[in-house]
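The values are calculated or read from the model by the stated rules, or taken from the named source; none is laboratory data. Source: prediction; values computed, not measured. Every residue, glycine as well, gets a Cβ built from its backbone with ideal geometry; the counts of neighbours run over all protein chains shown. Ligands, DNA and RNA are stripped out before the accessible areas are found, and what is left, the full protein with its side chains, is counted by its heavy atoms. Shrake-Rupley method; radii C 1.70, N 1.55, O 1.52, S 1.80 Å.
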Amino acid sequence: SFSDFLCPALGSKEGEVLLYYCYCEVKDPEKLCAWQKALCQHLHLTGKVRVASEGINGTVGGSKVATNLYIEVMLSQPLFKDILCRDDFKSSAGGAHCFPDLRVGVFEEIVPMGIDPKKVSYKETGIHLSPQEFHREVEQHLSQASQGQSDTILLDCRNFYESKIGHFQGCLAPDIRKFSYFPNYVDENLELFRNKRVLMYCTGGIRCERGSAYLRSKAVCREVYQLKGGIHKYLEEFPDGFYRGKLFVFDDRYAICSNEDIISACRYCGTLWDQYKLCSSQHCRQLVLTCPSCRKKGLTACCPPCQEKGLEVASGQALKEECDCTRRRPRVPIERLSQSTLDAEK
C-alpha cells in the first residue's frame, strides 16, 4: 500500500522541523485537535500543536517527505484554505528526533499570554513588515540612534534566555521568563513607549500578533510594527544582517545558527559560549550556559543552591526546583490580574 511505501521515508532521520501558526475562527477546537493528532501520527511527526477557538500554532518534526505532505494537507484543509499559505511555514534542519513525543491539545490561547483573546484580539495587531522592510527600518533606527536622534524602540518580545544568545543590534530585550509576563512589562513601562514608533520581533511572528495588539490597546505608541514571519524569515533573507548570534528554538536543539557570532558567555568563567544545557539538578528546568571546561570541573547547575544541594527531593515528586534563578525573576502579579479581571466583569 501507499503508506507501507512511505513508512521508511517517513521514519528517516534526515528531515526538518516546521514552525507555523494560523489565526482564524475555529468553531469546534476539539474536532480540529483530533484531526490534527491523527494527521501527525499518520505522518510519524513529533512536536507540539496548540489548538484554540482563535486558531492553531504548531512546531512539528519529521522526515522531509512527511513535512511536505503535512504542509499540503494543511493548505487543503477548508478551515485554513484562504488564510494559510506555503510561506507561513518556517523550516529548519532537524526531524522527529528533535522532540521527545507528540503533544496536541486544546487551549484558550494559541500562544500563552494570559490575557483573554476576547479582550485583546489578534485582529488588533500591529502593521506587518516584510523582512526587507524591517531590515530597512532597523538600519535607519541604528543610524539615527548613533546620533542620539531615534524615536524608535526595537523591541524583542521573547524571553531573557532567548535574547541572551541572539538578538537584533540596538534592541530592547525585557528581562522576562515567560511570554505571560510581557503584558505586565508593558504596563510597568508605559512611559518608555509613549509617542514612540515600536518595531517588534519574535521567533516566528506569533508572539508579536498578540503582543503588538496588547501594546496598541494601551494607546501610548505613535506606531506599532512587527516583523512578519519573525527572526526565522528574516535570517532566510539576511543571514548576515542586523540579527547577531543564535536563534533559540523550543525543542531539543535549543538553538539554530545563521552566523558565527557568539554574543553570550559561560555562566562560570565568562568565556564566550552560547550552547544551552538543562541544569544538572534533576528537578530544576532552568537552562544554563556552561562551557566544556567548566562542565569538566562539575559546574553544571544554573546557580549555587542547585550546585550544592544534590537535590534530596522526596521520591516520586516531580517538583520544579526553587533556586536563585527562579527567585530572581519577577513573578506574574496574579492577585492584581485577577482583581482587575473581577472589576471588569462587574
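Going through (i) 54, 43, 39; (ii) 65, 52, 50; (iii) 143, 37, 28, the figure that equals Cα extents along the principal axes in Å as computed for the structure here is (ii). Here the contact order of the chain, divided by its residue count and restricted to Cα pairs under 8 Å and six or more residues apart, works out to 13 percent. Excluding ligands, DNA and RNA, the accessible surface per residue across the stretch 127-249 is 38 Å² with a 1.4 Å probe. On the protein heavy atoms, probe 1.4 angstrom, tell me the percent of accessible surface of the chain carried by carbon and sulfur. Answer for the chain is 52 percent, counting heavy atoms of protein chains only. Residue 48 to residue 140: FRET efficiency via 1/(1 + (r/R0)^6), r the Cβ-Cβ distance, R0 51 Å, to the nearest 0.05? My answer for the efficiency is 0.90. Counted residue by residue at 0.36 nm each, then reduced by the alpha carbon distance between them, the extension gain from residue 132 to residue 237 reaches 37.0 nm.
Normalised by the number of residues in the stretch 127-249, the average gap of Cα pairs under 8 Å and 6 or more apart makes the relative contact order 34 percent.
Distance between the pseudo-spin-label points of residue 123 and residue 31 (7 Å out from Cα toward the beta carbon): 2.1 nm.
Amide H to amide H, with H built 1.01 Å from N, residue 246 comes under 5 Å of 166, 263, counting only residues 5 or more places away or on other chains. Approximating the spin labels as points 7 Å out from Cα along Cα→Cβ, the residue 271-to-residue 259 distance works out to 2.4 nm.
Compared with the direct C-alpha span, the chain from residue 93 to residue 151 gains 17.1 nm at full extension, assuming 0.36 nm per residue.
So, counting K/R as plus one and D/E as minus one, what does the shell of residues with Cβ under 13 Å around residue 163 add up to?
On the way: positive: 158, 164, 177, 207, 244, 246; negative: 156, 162, 175, 274.
Value of the local net charge: +2.
The string of couplings for the stretch 297-302 from the Karplus curve (6.51, -1.76, 1.60, θ = phi - 60°) is 7, x, 8, 10, 9, 7 Hz, one whole number per residue in order, with x for Gly and Pro. Longer than 22 Å from Cα to Cα, which of 48/178; 37/64; 27/119; 164/196; 90/228; 178/277 are they? Say none if no pair is. Among 48/178; 37/64; 27/119; 164/196; 90/228; 178/277, the Cα-Cα distance tops 22 Å for 164/196.
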